[in-house]
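Below: one structure, written as structure tokens.
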Amino acid sequence: MELLISLIIGLLTAVGVFLVLRGRTFPIVLGLTVLSYAVNLFIFSAGRLVMDGAAVLNSGLATPDPVPQALVLTAIVIGFAMTAFAVILAIRARADLGNDHVDGRLPEQSGEQK
Amino acid sequence: MLNLFWIPLLTLIGVFVSLSTSKVSRTACAYATAALPAAALAIVISYAPSVLNGESFVERFEWIPAAGLEVAFRLDGFALLFTLLILGIGLLVILYARYYLSEQDNMPRFYAMLILFMTAMLGIVLSENLIQLWLFWELTSISSFLLISFWNHKSEARKGARMALTITGMGGLALFAGILLIGQVVGSYNLTDVLAQGDLIRGSELYPYILVLVLLGAFTKSAQFPFHFWLPHAMAAPTPVSAYLHSATMVKAGIFLMARLYPALAGTDMWFLLVTLTGLATLLVGAYMALFKHDLKGLLAYSTISHLGLITLLLGLNSKLAAVAATFHIINHATFKASLFMAAGIIDHETGTRDMRKLSGLWRYMPHTAMLAMVAALAMAGVPLLNGFLSKEMFFAETLHQGSLGALSWILPVLATVAGIFSVAYSLRFIHDVFFNGEPVNLPKTPHEPPRYMKIPVEILVALCFVVGIAPGLVVAGILHSAATSLLQSDTPYYSLAIWHGFNFPLLMSFIALLGGILVYATRKQLFEFQSQFPERDAKAIFDQNIKRIVDSATRIYGTIENGSLQRYTMLFILSVALFTTVPMTKLIDYEGARPLLPVDGISIVATIILVVSALVTLIWHRKRMIALIAVSVVGLIVSLIFARFSAPDLALTQLSVEVVTVILLMLALFFLPQVTAKAAKPSSVVRDLGLATLIGGVMATISYAMMTHPQTSIADFFIANSKTGGGGTNVVNVILVDFRGFDTFGEITVLGIAGLGIYKLIARMKLFMPSADLNGIPWSNDHHPMMLATVSRALLPLALLVSAYIFLRGHNLPGGGFIAGLVTAVALILQYIANGVDFMRERSRLNYQWLISVGLIIAGMTGMGSWLFGYPFLSSWFDYFSLPGVGKFELASAMVFDLGVYLTVIGSTLLILGNLGALTTHARPEESK
């Protein structure tokens, strides 16, 4: 099971990084979202994997590490705020600059662009 | 006796006294300015008898105890000597400047800067802590910059100031590095400790670096060759500044530093070579150049450089007697050079020029001033019966008594005599060219004697030259002894201050210097012709050129690295992440730990496959934005299932509700952004990015695997043990959020609120890009809101609110809490927006979301502050159990009120973001839809 989660984290990181490296805003926002899934899962897995439990006392269940869970819970909410901010910034940039490239201008076709 | 702190403090207050005198007369301004330094001088004098008896005083108080720093002042013999010079000459300069400055000059500003400089200088000489010393050191550079550029309408003043600041500032940085290294070696920045640990420093392998860095600081400040060129350009300053900073005090700061650290740094061959040879070069270059300067102040500037070189040379000789001679020459040079500068200022003031080719025969017009200037100039030349003679004699004797250069040791006394010859020659030129030598040529003004009081400072200083020269034993023996003793940190060897030591070698050298000087001056015409063959090197132009070169290359590098492409920065950033993570990864051998692995089941595999496929779909079809978005939302759902599977119900609930709002947000965003991404990337860069992404993904997977399979020691036990007893809740995650780490949560909801407000501002007044049709040119549907959805969502709203209330209330003990409840409420309300439209909601809901955010933050903050009322720290929580008839036993906790704040902030921020964006799409729709 640990191997599966590691693979998921690795895959999500790779997809996130690739999308973040694109030139247009929307794929980058998607990339940030995917990257934050990966990061959240990574921090969460720092508490090690525990099945059939809950971080609730007296529940008769196994108790996982609550600290990473608390960290990730706020990270998810803040992550949403960040995504929202990035999205609005992208919309505003397109409205003001007339294109949706992160550099604020379209790359020249001749190709100094990567 | 008042505390030592008062000495720099009084002068510092004096800065503000000067600034506040803009309304009063010029004389009153000068008196007010002089009052506080005079008081400081009185304090110093009250200490003087004990210090002269060999005592030293240290006062300290803690500054940054954690870094081992303290503010500490120290008054010993050497510091006393400098303090007297700084305050004494400073007061004379204040008096002098009253008459020197013209009506147009802003006198309070001038005095304020002068006193600021005085404070900085006092700080240097009184500092017990080296870092503190350095701070004052930099302050002198800055106040010197301000003073040189006092006439800032003149280009040469601005350029000279900039050059002085650049050179001394660079030296200051080197000095700081040197001081930090000293601190590292000694383990303390206190001068007392550093001076006591000289052997440790000299034995340390850092010693060469320390020495070079500290000397760089000292040499730049004291205008030693090859850094001497800034000093002549600093002469663009008003003459009182030149007299004070650039001859008597500031340029002596470098000398002071070398002398102060003498017990810690001197005594090695490296010290001898660096300091002596630099001093020798400076001595010769300065003396030679001084002769050829036509500008009166230029001559004095180069002569100052030469004398600073002489003192440096003495300090470099590693002999105690030489150090005594250096101390003595510091006193003498300060007195005669300050008076010479003042005399030059008087001549400039009364004739309107400083060009020695025009100035001649002034003896007839201003005999009094001429008399004073001549005595001072003779002291500079080292003529018997004046103070300059005594220290110069000691200097000659010392150059004879050293043998560090082996068989070439004769070279020092010979070159010293050569410098003496030139020194006599330029002094003669100062006297003869200016006061005799025929009639003045084309003077702008007819010269006459200056105001009475302008001469008083010169008279006092010249009298000192005389008195010291005739009766040194009476006047300076005491202070010289105590200064030299504290410089050396040991007893001084025997020396005699007598004028007559019998016929000996030093006397012969003085004699040769006198005769040679007269000879050189007599043949000056030929010499000037010889010198005129050399092209004049303009230090300013060279300096400017070098600065320009540095700026140009910096701009070039800057332009290459920062070309304005965010995409490229991201790539470089990720590339460096990859570099920094892969290298240590190669050293990670033990990537599989001892922790037993969990069994894999079928459902997990299926879920993983769905996730992998969706992730790959996102990757492959990322240019088809709608498809990519749907795929991403599938990934998010699986992630929340993972949280649920591995014992994190709170996270699963949060992820699920955030997923909903995120997808709605991105759908709204797609309305304003292109539906597809244009193909722009070159195949090579796609391959590069894929490679980079795979590398980082691989690193992350490996780290995760290594981490998850290793057993863990966590701080979790504390939280689990104290959750119920300390926080009153059984849901540990929630108790951590609202209680143990409540302050973090408070910060987080504040960020959330700020993000919401920031988005609100970004949306406001946005120039809308209004799409009227989709990708295929089909106009947007103008259907009304679907009836089924509208009806069902309205029925769902109370139910959803009830659920969120339930989740909120149970959050302290079971999965749930403010964050999740807030998100559920937000989703329920957003559903109403989607189903019924913005206008429908606006008619029915009076909720102001900005207001909701603030209320939420205020509630959370007030709950935290409430604990102050009971004398507990911020955000201490309280809980107790109550029972009501009909309800039963229940718990009340202050943490729940805090959670309410979280709840409200989350709702406010989410709806502020989505509501406003949604409203935009409504208004952006084509007109015919209404």
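Some observations on this one:
- For segment B:1-45, the set of residues classified as among the aromatic types (Phe, Trp, Tyr) and either modelled with pLDDT under 90 or closer than 28 Å to B:Arg60 by Cβ (or both) consists of B:Phe5, B:Trp6, B:Phe16, listed by residue number.
- When B:Thr745 is tested against (1) under 19 Å from A:Asn58 (Cβ atoms); (2) facing chain A (nearest Cβ under 8 Å), only condition (1) is not met.
- Residue that is farthest from the other protein chains (Cβ to nearest Cβ) [pool: residues in segment B:723-737 that are modelled with pLDDT of 85 or more and either surrounded by fewer than 24 Cβ atoms within 10 Å (Cβ to Cβ) or closer than 14 Å to B:Ser876 by Cα (or both)]: B:Val735
- Of all residues making up segment A:53-81, the number that are among the aliphatic types (A, V, I, L, M) and more than 7 Å from chain B (Cβ to nearest Cβ): 3
- Of the residues making up segment A:26-46, one or more are facing chain B (nearest Cβ under 7 Å), among the polar types (S, T, N, Q), within 15 Å of B:Ala644 (Cβ to Cβ) and assigned to a helix (DSSP H, G or I).
- Filtered residue count, segment B:738-752, keeping only those that are among the aliphatic types (A, V, I, L, M) and within 14 Å of B:Ser876 (Cα to Cα): 1
- Test result for A:Ile91, facing chain B (nearest Cβ under 7 Å) and closer than 16 Å to B:Ser640 by Cα: no
- Residue in segment A:3-11 that is touching a His at 6+ places or on another chain (Cβ under 8 Å), at the interface with chain B (Cβ under 7 Å from one of its Cβ atoms) and aliphatic (A, V, I, L, M) present: no
- Residue in segment B:382-400 that is buried (at least 22 other Cβ atoms within 10 Å of the Cβ), touching a residue at least 40 places away in the same chain (Cβ under 8 Å), in contact with a Lys or Arg (Cβ under 9 Å, 6 or more places away or on another chain) and in the same structural domain as B:Ala471 (by TED's automatic domain parsing) present: yes
- Single match in A:Arg48, A:Arg24 (criterion: buried (at least 18 other Cβ atoms within 10 Å of the Cβ), of a type in the set (D, E, K, R), under 22 Å from B:Met708 (Cα atoms) and touching a residue at least 12 places away in the same chain (Cβ under 8 Å)): A:Arg48
- On inspection, B:Lys337 does not qualify as out of contact with any Gly (no Cβ under 9 Å at 6 or more places or on another chain) and assigned to a loop (DSSP other than H, G, I, E, B).
- The residues on offer are B:Gln132, B:Gln224, and the sole one that is touching a Ser or Thr at 6+ places or on another chain (Cβ under 7 Å), within 29 Å of B:Leu84 (Cβ to Cβ) and buried (at least 21 other Cβ atoms within 10 Å of the Cβ) is B:Gln224.
- Restricting segment B:669-712 to residues that are aliphatic (A, V, I, L, M), more than 30 Å from A:Met1 (Cβ to Cβ) and more than 8 Å from every other protein chain (Cβ to nearest Cβ) leaves a set whose member that is surrounded by the fewest Cβ atoms within 10 Å (Cβ to Cβ) is B:Val687.
- Selection status of B:Gly178, in contact (Cβ under 8 Å) with a residue 40 or more places away in the chain and under 19 Å from the mean Cα position of the chain (by Cα): no
The values are calculated or read from the model by the stated rules, or taken from the named source; none is laboratory data. Since the model is a prediction, treat every value here as computed from it, not as a measurement. With ideal geometry, Cβ positions are generated from the backbone for all residues, glycine too; neighbour counts draw on all protein chains shown.
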